[in-house]
Amino acid sequence: EVVSEIMATTSSSSSSMTNVKPSKKRKLDFDEDRVARVYADGIFDLFHFGHARALQQCKELFPKVYLIVGVCDDVLTRERKGKTVMDETERAESIRHCKWVDQVIEHAPWVIDQKFLDDHRIDFVAHDSDPYNIGSDEDDVYAFVKSIGKFAPTQRTEGISTSDLINRVVKDYDSFVRRNLERGYTRHEMGVGFLKEKQIKVSGKMDEMKTSVDGFAKDVRMRGDEVIDSSKELLTKWVDNSQKLIDEFLQLFGKHGTL
């Protein structure tokens, strides 16, 4: 259930800010001699290069950009979308280490209003242009900033997403649990039941045995090939020297032989 909840959370976030790709600077009504204060928000769970590319595009909207990034906290995110893998502190700290970001606002609001824009002197809010209504009664949480001409549309790009990363872990769940058990983690730390732990360990032993058997079979085949090659070499030598051997035998044991 936890995995399903996380997948529901990350799937929708990956379809918005996650899948933004860098593009050329857009023509927006703004004095490009000034520093544009651009705001982008999101959950940014399991921060990856897809997120970074999205923020890069925001940073490159104008020649001079001060990029402010809002990160929604755990309470708001779970209420509006669902569970995350990383907590709010980890997610905000990940954003701080992105080179495109100038400022991080923690506990960011779900819907942006005029007061928020004024408080942070925001010139534009960047997001892809598709209506975004997840966790809101409104048709689009960015409807207000769009209506006042402060919305800077970005473009999505397919590829890496938080959902993809979680899918990879879920797909190879047993392998990752086995790896962590071997590294000293307990089943309690990973939330793994007693029977599941035993099942994974037995499965690991079976894989090890299969690898050993496959290696032994390969070794036997290689040794068998070596034996066959040696036999062929001896047979060839015998055929090539057979007449000489026969003559020498007759000289010793033939009718007129010396013995």
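What the table below lists for this structure:
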item	result
Residue count for segment 83-108, restricted to those that are in contact with a Cys (Cβ under 8 Å, 6 or more places away or on another chain), surrounded by 14 or more Cβ atoms within 10 Å (Cβ to Cβ) and under 23 Å from F151 (Cα atoms)	2
Number of the condition not met by T18 [criteria: (1) at pLDDT 95 or above; (2) buried (at least 17 other Cβ atoms within 10 Å of the Cβ)]	(1)
Which listed residue, of D45, D73, is buried (at least 19 other Cβ atoms within 10 Å of the Cβ), at pLDDT 90 or above and in contact with a helix residue (DSSP H, G or I) (Cβ under 8 Å, 6 or more places away or on another chain)	D45
Checking S11 against (1) over 17 Å from the mean Cα position of the chain (by Cα); (2) at pLDDT below 95, the condition it does not meet	(1)
Residues located in segment 155-166, provided they are of a type in the set (S, T, N, Q) and surrounded by 15 or more Cβ atoms within 10 Å (Cβ to Cβ)	T157, S161, T162, S163
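The values are calculated or read from the model by the stated rules, or taken from the named source; none is laboratory data. Quick caveat: nothing in here was measured; it's all calculated off a predicted structure. Cβ sites come from the backbone with ideal geometry, for glycine too, and all protein chains shown count toward neighbours.
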